[in-house]
Amino acid sequence: LMERESLLKEIHHRVKNNLQIIASLLYLQSGKFEDEDFKRVLEEGQGRVRSMALIHQKLYENDDLKSIPFGEYLQELLGEIKASFGQTTEGIAVKVYSENIQFDVETAIPLGLIVNELATNAFKYAFDGLNKGVFSISLKKDGDQFVLSVSDNGRGIPDEIDIKKTK
């Protein structure tokens, strides 16, 4: 049993390292292009890969090996996303409210990717040009379901955009 646990930890550690290498390769590739749209696509891919690498890091660090404390993961993920925007998000507070909830890798990866997209979009658009604000995320259990709530006090959706007609 101890040998199996050791091997499983090693696998998660190697997967994390491989994902970090992929993120680094995407970063290096983005520096070779001048097209800002293409650079942005590579940077977004890099962020997604990093969010998955963090899940494997948490699995590696956790004694349970099958699940991760998702509140801790959210705190670290959002810290990394905020840091990736540099000084432009210095005045933005990140608040994570989470019960002691554990998720397995099959749930954690897609949920982590969803949170990554929401947070990245908030930092990119909701707070663009603002020097202060709050990005909040809450995760709680409600009966046999989980409720993830994400909010910010940024700009909001411009009046000229009809969200029911967007692609």
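So here's what we get for this one:
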{"read-out": "I163 paired with N131, simple spin-label distance in nm, labels 7 Å along Cα-to-beta-carbon", "value": "2.9 nm"}
{"read-out": "Farthest toward positive dipole pole in the range 95-151 [+1 Lys/Arg, -1 Asp/Glu at C-beta], among V147, L113, Y125", "value": "Y125"}
{"read-out": "Simple Cβ-charge dipole of the range 120-167, Lys/Arg +1 and Asp/Glu -1, about Cα centre, in debye nearest 20", "value": "100 debye"}
{"read-out": "Lys, Arg +1 and Asp, Glu -1 on Cβ, resulting dipole of the chain about Cα centre, debye, nearest 20", "value": "120 debye"}
{"read-out": "Links that overshoot a 29 Å alpha carbon limit, given the list K58/K141; K66/K167; K58/K164", "value": "K66/K167; K58/K164"}
{"read-out": "Dimensionless Rg ratio for the range 87-167, taking C-alpha atoms and the 2.2 N^0.38 Å reference", "value": "1.26"}
{"read-out": "Share, in percent, of DSSP beta bridges within the chain that are antiparallel, nearest 5", "value": "60 percent"}
{"read-out": "DSSP-assigned coil residues among trypsin sites (Lys or Arg not before Pro) in the range 69-166, each with at most 12 further Cβ atoms within 10 Å", "value": "K132"}
{"read-out": "Computed [θ] at 222 nm, helices only, for the chain once each DSSP H run of length n ≥ 4 contributes -39500 (n - 2.57)", "value": "-18000 deg cm²/dmol"}
{"read-out": "Derived scalar couplings ³J(HN,Hα) [the range 32-37; Karplus, 6.51 cos²θ - 1.76 cosθ + 1.60; whole Hz; x for Gly, Pro]", "value": "8, 10, 9, 5, 5, 5"}
{"read-out": "Accessible solvent surface per residue of the chain, calculated while the other protein chains remain in place, 1.4 angstrom probe, Å²", "value": "65 Å²"}
{"read-out": "Gyration tensor (alpha-carbon) shape descriptor, the range 125-167, a/c threshold 1.5", "value": "oblate"}
{"read-out": "Those aspartates and glutamates that a straight Cα-Cα span of less than 14 Å connects to K132, excepting residues fewer than 8 apart in one chain", "value": "E90, D152"}
{"read-out": "Share of carbon and sulfur in the accessible heavy-atom surface of the chain [1.4 Å probe, %]", "value": "52 percent"}
{"read-out": "Loop-exposed GluC sites (Glu not before Pro) per DSSP, neighbour cap 13 Cβ within 10 angstrom, longest uninterrupted part of the chain", "value": "100-159"}
{"read-out": "Alpha carbon convex hull of the chain, projected area averaged over orientations, nm²", "value": "12.0 nm²"}
{"read-out": "Gap separating the Cα centres of the range 152-166 and the range 72-145, nearest whole Å", "value": "20 Å"}
{"read-out": "Whichever aspartates and glutamates have a C-alpha closer than 14 Å to that of K140, once near sequence neighbours (fewer than 8 apart) are set aside", "value": "E72, E99"}
{"read-out": "Cα gyration tensor, the range 64-103 - rounded (a/c under 1.5), prolate or oblate", "value": "oblate"}
{"read-out": "For the range 117-128, 3J(HN,Hα) per residue [Karplus equation, 6.51 cos²θ - 1.76 cosθ + 1.60, θ = phi - 60°, Hz, x = Gly/Pro]", "value": "5, 5, 5, 4, 5, 5, 5, 6, 10, 5, 10, 4"}
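The values are calculated or read from the model by the stated rules, or taken from the named source; none is laboratory data. Everything numeric here is computed off the predicted structure, so don't read it as measured data. Using ideal geometry, Cβ is built from the backbone for each residue, glycine included, and neighbour counts are taken over all protein chains shown. In case anyone asks, the SASA skips ligands and DNA or RNA and just uses the protein heavy atoms, side chains included. Shrake-Rupley method; radii C 1.70, N 1.55, O 1.52, S 1.80 Å.
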